[in-house]
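The values are calculated or read from the model by the stated rules, or taken from the named source; none is laboratory data. None of these values were measured; they are calculated from a predicted model. Here the Cβ positions follow ideal geometry from the backbone for every residue, glycine too, while neighbour counts run over all protein chains shown. Note: areas computed on protein heavy atoms with side chains; ligands, DNA, RNA excluded. Shrake-Rupley method; radii C 1.70, N 1.55, O 1.52, S 1.80 Å.
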Amino acid sequence: ELRALLVGGVDPHDLPDPTAALAAIDAARFVVSLELRQSAVTERADVVLPVAAAVEKSGTFVDWEGRPRPFAEVLRGTNAMPDVRVLHALADAMGVDLGLPDVATARAEIEELGGWDGDRAEFTLVDPVPPAPASLSAGRVVLSTWPLLLDAGRLQDGEPYLAGTAKTAVARLSPATAAAIGVADGAPVTVSTDRGEVTAPAAMTDMPDGVVWLPTNSDGVHVRLGLGAANGSRVRIRAGSTSVEPAGGAR
């Protein structure tokens, strides 16, 4: 239903369902991409606007604790436009005054909003519920996953030597889970859903039974794209076979 879509530095493969995200971008009538390099979005965009890299602008990173970490412009005089100036110019062309001509103005407005001062959500402790033994014997387990620091993400583009130091993708299982499907340490394990399947060598690990762990987005193992799954999803496992993913799945 969207007449136009503006995508700023988003990799669809990082979203919960990359296939659905790409289909949504394809369905938009007009797509504008703010990017540094070629991507799945720029391939579909009607207009691509190059924006300044981190070293060519000032801004703020947010660390894993949620703490802001501002940084200053390093390379000056490149004439590269930061994202906020591009958005300001686009809004101006549409007759809307954002009032955010530069990073300093945007940062000041964000700081003016302050932190959250409302009620905090209550934390509810939930006891883990392992799958029934019948599920394990049938090869139905719970998926555990998270991205590795070095994986198949876009920040490794053009850095084959850095990417080459990434850990090999493995499927971590408890010895009991592996025994239930007849897989030895190092043998291939295939994890599947109705969407597709991926295969990785088994790694015996001291962990709960009825669980398989996969890296979210490593070479040959793309959980979101290949399986359409997330942490906590129910998946099927069996002794390994050739890895299968949707067409265009590997990045």
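Taking a quarter of the surface of the Cα convex hull of region 1-157 gives a mean projected area of 14.7 nm². Placing a label point 7 Å from the Cα of residue 239 along the Cα-to-Cβ direction, the residues of region 162-190 whose backbone N falls under 19 Å of that point are 171-190.
P(r) of region 1-47 in 5 Å steps, Cα pairs, percent per bin? So the P(r) values, bin by bin, are 5, 24, 36, 25, 9, 0. Inter-label distance, residue 121 to residue 135: 2.3 nm, where each label sits 7 Å from its Cα along the C-beta direction. Charge dipole of region 1-149 (Cα centre as origin; +1 on each Lys and Arg Cβ, -1 on each Asp and Glu Cβ, all else neutral): 440 debye, rounded to the nearest 20.
Placing pseudo-labels 7 Å out from each Cα toward the beta carbon at residue 165 and residue 48 gives an inter-label distance of 2.9 nm. Each of 73, 43, 112, 197 has its accessible area taken with a 1.4 Å probe; listed largest first, they run 112, 43, 73, 197.
Taking Cβ atoms as reference points and 13 Å as the exclusive limit, the residues near residue 105 contribute a net charge of -3, counting Lys and Arg as +1 and Asp and Glu as -1. Here the Gaussian network model covers the chain, with springs between Cα atoms less than 10 Å apart; of 39, 58, 192, 58 fluctuates the most. Helix-only arithmetic for the chain: the sum of -39500 (n - 2.57) across DSSP H runs with n ≥ 4, divided by the residue total, places the mean residue ellipticity at 222 nm at -5000 deg cm²/dmol. Remark on residue 171: its backbone amide H falls under 5 Å from those of 202, 203, a criterion applied only to residues 5 or more positions apart or on other chains, H modelled at 1.01 Å from N.
Near residue 150, the amide H atoms lying under 5 Å from its own belong to 167; only residues 5 or more places off or on other chains count, and H is placed 1.01 Å from N.
With a simple spin-label model that places each label point 7 Å from the Cα along the Cα-to-Cβ direction, the separation between residue 179 and residue 55 comes to 5.4 nm. Amide hydrogen proximity for residue 31: with H placed 1.01 Å from N in the peptide plane, the residues at 5 or more positions away or on another chain lying under 5 Å are 5, 46, 47. Compared with the alpha-carbon gap, the fully stretched path from residue 3 to residue 97 is longer by 31.7 nm at 0.36 nm per residue.
Converting phi to 3J(HN,Hα) with the Karplus coefficients 6.51, -1.76 and 1.60 and the offset θ = phi - 60°, region 233-238 yields 5, 7, 10, 10, 10, 7 Hz in sequence order, with x at every glycine or proline.
One decimal place: the segment residue 71-residue 155 gains 28.4 nm when fully extended, by the rule 0.36 nm per residue minus the C-alpha distance.
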